[in-house]
Amino acid sequence: MIRTLALAAALAAVTACATDVPPPPKPAVDASLAGPVPTKLTGYLPKDALDGRRILPGPVSPDSAQGRAERAYYDETRKLEGSDRWKRAIEDNEIWQGGALNRFSCALGKQLSEAGTPTAWRILHRIELDVRDIGNVPKNHYNRDRPLIGNDKPICIARQDWMKTNASYPSGHAMVGWTWALLLTELAPERADPLLVAGREMGESRAICGVHFMSDIEAGRTLASGMVARLHAEPAFNADMAKARKEIAAAPAAANCPSA
């Protein structure tokens, strides 16, 4: 009986200790991908619609020729601090508050806003939520450090703690930018050139900024292209696109755009 009681006490102690152990922290969220808040919207796609772990080849080895070239590109582009291209990278970092959204409005030639183009705005927002669902799985799986980790070289935005745990591969901003570019091109094919340039440059801004390697950006574009193809199997998405096409045609011209 004494042995039985002692064993029970020991098991209870182990169980109590186990329940006291906090769960591992979730990776911090990139604040500039937080989107408009608060929101009750969700993405269009099921969370398992695409598996980036199978689609993407994985990050390159830092000791490979490509890995060394990417590190050299990071080092070289630190010299762009303060340049016009650096300032553009700062604007592209902020998706919703007048940065990237304004850039795409100018490329489209029509002002995109929640009030003025509600269906198009909803598409862009829901797509950004899909990017998080689809992109975070390979991000967390490969857990690649961002190029700024381990050095104090300048980057185009303030260094924050989330950068230490929010992985680099693939780039969520590159996914958002390329997906928006492709879908807005469908809605306004006559504006294809400036829209695709905006999408390409938004991805490149992440390397200029110093928060991603170029292969992170390429991986983001790959997943973005897959997302666009997959989205067309969703009835809610197709219905919104049909509404947005008419909405954009009647929208006012974009404002506050740089002169050509």
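None of the figures in this text is laboratory data; all of them are computed from the coordinates on show. For clarity, every value in this text was computed on a predicted model and none was experimentally measured. Don't worry about glycine lacking a Cβ; one is built from the backbone with ideal geometry, like all the others, and counts go over all protein chains shown.
May I ask you to sort I248, I217 by Cβ crowding, counting other Cβ atoms within 10 Å and putting the fewest first?
Working: I248 21, I217 26.
Fewest-to-most ranking of I248, I217: I248, I217.
Determine, for the chain, the count of lysine pairs separated by eight or more sequence positions (or lying on different chains) whose alpha-carbon distance falls under 17 Å.
10
At 7 Å along Cα-to-Cβ for each site, give me the label-to-label distance between A72 and N140 in nm.
3.7 nm
Among G210, V228, A198, whose Cα projects farthest towards the positive end of the dipole of the chain, with charges put on the beta-carbon of Lys, Arg (+1) and Asp, Glu (-1)?
Projecting each Cα onto the dipole axis, the largest value belongs to V228.
Which log10 I(q)/I(0) values, to two decimals, does the chain give at q = 0.14, 0.16, 0.17 Å⁻¹ under the Debye formula with one point per Cα?
Here the Debye-derived log intensity ratios amount to -0.94, -1.19, -1.32.
Counting only other residues whose beta carbon sits under 13 Å from that of P118, what net charge do I get with K and R as +1, D and E as -1? Before the final figure, lay out each step's value.
Numbers: positive: R122, R126, K243, K246; negative: E114, D240, E247.
After counting each charged neighbour, the total is +1.
Rank A167, A100, A244 by mean-square fluctuation in a GNM of the chain with C-alpha springs under 10 angstrom and give only the top-ranked residue.
For the chain, modelled as a Gaussian network with Cα springs under 10 Å, the answer is A244.
With an 8 Å Cα cut-off and a minimum separation of 6 or more residues, compute the relative contact order for the chain in percent. Please report the intermediate quantities before stating the final value.
On the way: 356 pairs, mean separation 72.4, N = 260.
Computed over the chain, the figure is 28 percent.
About the Cα centre of the chain, how large is the charge dipole given +1 on each Lys and Arg Cβ and -1 on each Asp and Glu Cβ? Please answer in debye to the nearest 20. Working shown, then result.
Numbers: 32 positive and 30 negative charges, 57 e Å.
Taking the Cα centre of the chain as origin, the dipole is about 280 debye.
Principal axes first, then extents: for the Cα atoms of segment 67-167, list largest minus smallest coordinate on each axis, whole Å, largest first.
44, 35, 24
Among I157, L80, N136, flag the residue with its Cα farthest along the positive direction of the charge dipole of segment 32-249, charges on Cβ as +1 for Lys/Arg and -1 for Asp/Glu.
Most positive-ward Cα: N136.
For segment 61-195, what's the relative contact order in percent, using C-alpha pairs closer than 8 Å and at least 6 residues apart? Please list the in-between numbers first.
Details: 96 pairs, mean separation 35.4, N = 135.
Computed value for segment 61-195: 26 percent relative contact order.
Between I149 and A250, how high is the FRET efficiency from 1/(1 + (r/R0)^6) when r is the Cβ-Cβ distance and R₀ = 41 Å? Nearest 0.05.
Numbers: r = 47 Å, r/R0 = 1.15.
That gives a FRET efficiency of 0.30.
Using a/c under 1.5 as the rounded threshold, could you call segment 162-235 rounded, prolate or oblate? The axes a ≥ b ≥ c are square roots of the C-alpha gyration tensor eigenvalues, and prolate needs a/b larger than b/c, oblate otherwise.
Working: a/c = 2.92, a/b = 1.54, b/c = 1.90.
Because a/c hits 1.5 or more and a/b fails to exceed b/c, segment 162-235 counts as oblate.
Divide by every residue of the chain the summed helix terms, -39500 (n - 2.57) for each DSSP H run of at least 4, and state the resulting mean residue ellipticity at 222 nm, rounded to the nearest 500 deg cm²/dmol. Each step should come with its number before you reach the end.
Values: 11 runs with 151 residues, N = 260.
Rounded to the nearest 500, the figure is -18500 deg cm²/dmol.
Kindly put Y169, Y142, Y74 in sequence by how many other C-beta atoms sit within 10 Å of each C-beta, fewest to most. Walk me through the intermediate numbers first.
On the way: Y169 26, Y142 18, Y74 22.
Arranged by neighbour count, lowest to highest, Y169, Y142, Y74 become Y142, Y74, Y169.
In what order do W121, W180 fall by count of nearby beta-carbon atoms within 10 Å, going from fewest to most? Don't skip to the answer; put the middle values down first.
Numbers: W121 19, W180 29.
Going from least to most buried by this count: W121, W180.
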